[in-house]
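Values in this text are rule-based calculations from the coordinates and carry no lab data. None of these values were measured; they are calculated from a predicted model. Reconstructed Cβ throughout: ideal geometry from the backbone, glycine too, with neighbour counts over all protein chains shown.
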Amino acid sequence: MDRIADIWGPRTPHARGTVWPARVDRHLQEGVAEEDVERWVRSACVLCSNGCGCEIAVRDGRMVGVRGVATDVVNHGRLGPKGLYGSWDWANSPDRLTRPLVRENGRLVETDWDTAMARIAEVSRRLLDEKGPLSHGFYTTGQLFLEEYYTLAVIGKAGLGTPHMDGNTRLCTATSAAAFKESFGTDGQPGSYTDIEHCDAIFLFGHNMPETQTVLWARVLDRTRADDPPKVVCVDPRRTKVAEEAERTGGVHLAPRVGTNMALMNGLTRELFANGRVDTAWVERHTLGVDDLRATVEPYTPEETARICGVDAEDVRRAARIFGESERVLSTVLQGFYQSHQATAAAVAVHNLHLLRGMIGRPGAGVLQMNGQPTAQNTRECGADGDLPGFRNWSNPAHVRELAELWNVDEMTIPHWAPPTHAMQIFRYAEQGSIGLLWISATNPAVSMPESARVRRILGGEQCFVVVQDLFLTETARLADVVLPAAGWGEKSGCFTNVNRTVHLSEKAVEPPGEARSDLDIFLMYADAMDFRDRDGAPLIKWRTPEEAFDAWRECSRGRPCDYSGLSYDKLRGPTGIPWPCTDEHPEGVDRLYGDGVFNTDPELCETYGHDLLTGGTVTPTEYRAKGPAGRAFLKGAPYVPPHEEASEEYPLLFTTGRTVYHFHTRTKTGRSRNLNDAAPDVWVELSVPDARRLGIAEGDRVRVESPRGAMEARARVGQVMEGAVFAPFHYGHWDLDEVVPEDFSRQANELTMTIWDPVSKQPYFKTAACRVVRVADGDGPAPAPTTTASRPVDPSVPPTRGGPGASTVAEVVDGFVPSYPNDPALPSGDTGHIAEVSAPGRS
Amino acid sequence: MPHLATYVGLLHHSERSLAEALRTVGEGHAAEADVYHVCDTLAKMSEEHVRRLEPIVRRYGEQRHGDDVEEPERLYADGPGEIRKGPVGLLRDLQDLYVLATLVQTTWTAVGQAAQGVRDRELLELAQASETETGRQLSWLTTRLKAAAPQALIVAP
């Protein structure tokens, strides 16, 4: 089966409230048969935030394929095209980094580890002596393992004592975390994927799930293609596959003008109040702030909402009616909200809808604030991003004291005078030279951050010493002073936690190439070189192996909402990943939070005292205590305010960017998969039919897109975007499998985006810029965009996207096998805990 | 009510100064993207207060001069006028904004009290709403100042 052409694979429809059937997907390297595989090694996929349980095929010391695990609670055996074709292929690429590099006379030259690490330690020590710890910044990723994040967090917060730590997870998941904290007191996904099996309506807010989380979308399709489908409501400026499904199921597609999500959310919220669709008794018992919220949304009548958003007033009414009349609504949210104007306020507004209807914490009534990166959840938990480990509150002295005791350091060492510095501010300090050492691990900001020309200047300048550790010589690594070769997925062991709180263990399958080392080993090497000590003079980092690091983290998480105390490597070697909190009380984890309607808002428990959603001004501890939340959730509103850059005469169109189905992050891995690369080999730009006609642009014509900050060139796809908007896939850099890309950076959507971020979550905006489009030249064929997704052309003569040689995969539906999970609400009570006894396919 | 008129005048003047000062500081420190954009949001709040004050000014007058208004006249505070440069300059400008915003806030408090006394519901409502919003302005200024201070005072070149 060609999973480039058939992205979601065969359907296994099933009725509401029944278990999602298993289907095992498998892909092996061309020429390798199943019997040739020597070992299958347990892991989970890291090419989107879904976290599908899988096993890596090993032969002759190399990764040669992958298959899904039928007994895994996340995917029931399925894998998506990125996982099948892109998860292991890159490891055998001839251009892997195998030795450290240092910059000599302006050029990167190979060296040994001792030399490279000595150079880092020398700069690090000099800066500590001259300026102190605030001279150090760490910018990490959504691709490391929990053990590595936690080790990095301890080095940064207790070894050096710098608040300047963040990850590229800031670009993907920060708003999800921020919204949870504002509404429920702490981070933590309240809902579960099993809500898909139980809901009677599903709302996707700015979430192109068919392309960003293909396996989850297969799960949705298996419900919408059954006899009792939930209604789908889609909020997206493009006519995505979600929009088509909305039409099929009698739902609604709302395509708000770019930058107006908040007005739409206020309109939907007002409809619930206006039509008496609020569960008043539940709201009274379990929430705070309903009167303020009602007053805030009052001006947003369907007509006013329609005027601001450019949608139909009747569609606003219909969508709100579906929400108001359903008993079980599942909402999912992603970058269409997070990377857009008023991000946190809009994401919080989704919580408000659920709280007003009392639809949280029970099967089918859930919220999934998604992540873009697979292990983003771990940066949030472990404190390698802008948080303290274990969802602790930087402004609660008792929480800081707990960490100081755990690490045996002085409380004053742990920076907690203000929120930890977010990524955009770290880059600003690096630009100004007050951060003199910036350490970037496993991410590619030269391509992924807004206003790329500025980021290149910062990284390439003399004012800041840049360390990059990665698998390849990425666009960012080329600008570094020291480059460290790292081991990747399958080449090291560790755990990671998906969007859904499910923890998986990923075990080392093969040796990394050359002298490449695991990220954990690299961090430990730095800790040794710097000789970080605790208060008693013992080494600060007391672990050497991933499993020891995991056990240290387990203690750090004990008693916090993300409690891992009941988990161990041994337990994670079982048939399925396990969702936290996992404790003595809940040895199999917990499928869904807040079932009792008690939230983590107690002042001694909460992770933040909250913010003003419009400005980001913090609520003081005294003000917070005065509210007396006592476990009640917050209903927080905000008025709509216009976006920071609106269409003008000079730049009449709105520019929006996004991830598409065949690429992940900056294509470091997926670009090295022949099948994924061939399906979408180059960047493209999508225009609506009326805009294309007005500009004289036909399918495949070469166009130049310009904003006040820069320009990119691409071939035009006349397609499914709403009139007035222009879409480009993000993260096509100047690297390519065929190395035919000119070095002018003109493929990068981020040449155009703005240096601006949400005031609460500090997530940069990639979807709010004005632009103009100019036709440059005739095309010589259609745009290099897929036909299988939201990027499909209006022109029916464009040949369909298909996989090439080696794209063949297997998808086996196993008759008579019903997956069984301890927490699955679809199983009759009592029928739990037997998964270990099930003889299941796809598990050796 | 000559003194109430004086205080209405004081409000009108200081809210306008605050709005202008927020714009000056925001534009002057535009390289700090969040400062630029949030100052714009905060300036709009003050501009809205000025707009809503217009009918009140017409009702009570706006007395700024004369023997009996000497004290409030001396209270008038103007914005920074010219912005300072660099991280420490940003810190000082945020402090100036804070001082100006507290003057606005306490003046709303005073006028709100008087509005109770004269049973002016419209003015009372405006005073309460505006005082809350000035509180949001102050809260952001404190938040940003706390985040900026260590780097500016310890590490900045």
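For a straight C-alpha distance cut-off of 13 angstrom, the aspartates and glutamates reachable from A:K627 (same-chain residues fewer than eight places away being disregarded) are A:D602. Only beta bridges with both residues in chain A are counted; by DSSP, about 55 percent of them are antiparallel. In the range A:310-338, which residues have a backbone nitrogen under 20 Å from the label point lying 7 Å from A:F273's Cα in the Cα-to-Cβ direction? From the range A:310-338, the list is A:313-314, A:316-325.
Among rounded, prolate and oblate, which fits chain B when a ≥ b ≥ c are the square roots of the eigenvalues of its C-alpha gyration tensor, a/c under 1.5 means rounded, and a/b larger than b/c means prolate? Prolate is the answer for chain B, as a/c is 1.5 or above and a/b outweighs b/c. Placing +1 on the Cβ of every Lys and Arg and -1 on the Cβ of every Asp and Glu, with no other charges, gives the range A:47-140 a dipole of roughly 220 debye about its Cα centre.
In this rough spin-label picture, where each label sits 7 Å from Cα along the Cβ direction, the A:D602-A:T115 distance is 5.8 nm.
Across peptide A:607-618, the mean count of Cβ atoms from other chains lying within 10 Å of each residue's own Cβ comes to 5.
Using the average count of surrounding beta-carbon atoms within 10 Å as a protection proxy, the listed peptides A:136-144, A:624-632 rank, highest first, as A:136-144, A:624-632. Among complete DSSP H helices in chain A, those whose alpha-carbon atoms stretch at least 24 Å along the helix's long axis and whose mean Kyte-Doolittle hydropathy reaches -0.5 are A:113-130.
From the Cα gyration tensor of the range A:653-777, with a ≥ b ≥ c the square roots of its eigenvalues, which class applies: rounded if a/c is under 1.5, or else prolate if a/b is larger than b/c, or else oblate? Oblate. If R0 is taken as 25 Å, the Cβ-Cβ distance between A:E247 and A:R704 corresponds to a FRET efficiency of 0.15. For the peptide B:137-144, the mean number of other protein chain Cβ atoms found within 10 angstrom of a residue's Cβ is 5. Pairs from the list A:K492/A:K767; A:K82/A:K157; A:K157/A:K762; A:K542/A:K571; A:K669/B:K146 with a Cα-Cα gap above 32 Å: A:K492/A:K767; A:K82/A:K157; A:K669/B:K146.
Could you tally the net charge around A:E462, taking each other residue with its Cβ under 13 Å from the Cβ of A:E462, Lys/Arg +1 and Asp/Glu -1? It works out to a net charge of 0.
Taking the Cα centre of the range A:93-245 as origin and assigning +1 to Lys and Arg Cβ atoms and -1 to Asp and Glu Cβ atoms, the resulting dipole is close to 500 debye. Packing here is the average count of other Cβ atoms within 10 Å per residue, and on that basis the peptides B:133-139, A:478-484, highest first, run A:478-484, B:133-139. Among the residues of B:32-43, the average count of other protein chain beta-carbon atoms within 10 Å of the residue beta-carbon is 4. Over the residues of chain B, the helix contribution to mean residue ellipticity at 222 nm works out to -27500 deg cm²/dmol, using -39500 (n - 2.57) for each DSSP H run of at least 4. Charge tally for A:F337 (other residues, Cβ to Cβ under 12 Å; Lys, Arg +1; Asp, Glu -1): -1. Determine the distance separating the Cα centre of the range A:413-470 from the Cα centre of the range B:92-157; give it in Å without decimals. Value for the Cα centre distance between the two parts: 33 Å. A crude spin-label estimate for the pair A:E130 and A:R225, with each label 7 Å from Cα along the Cβ direction, gives 6.2 nm.
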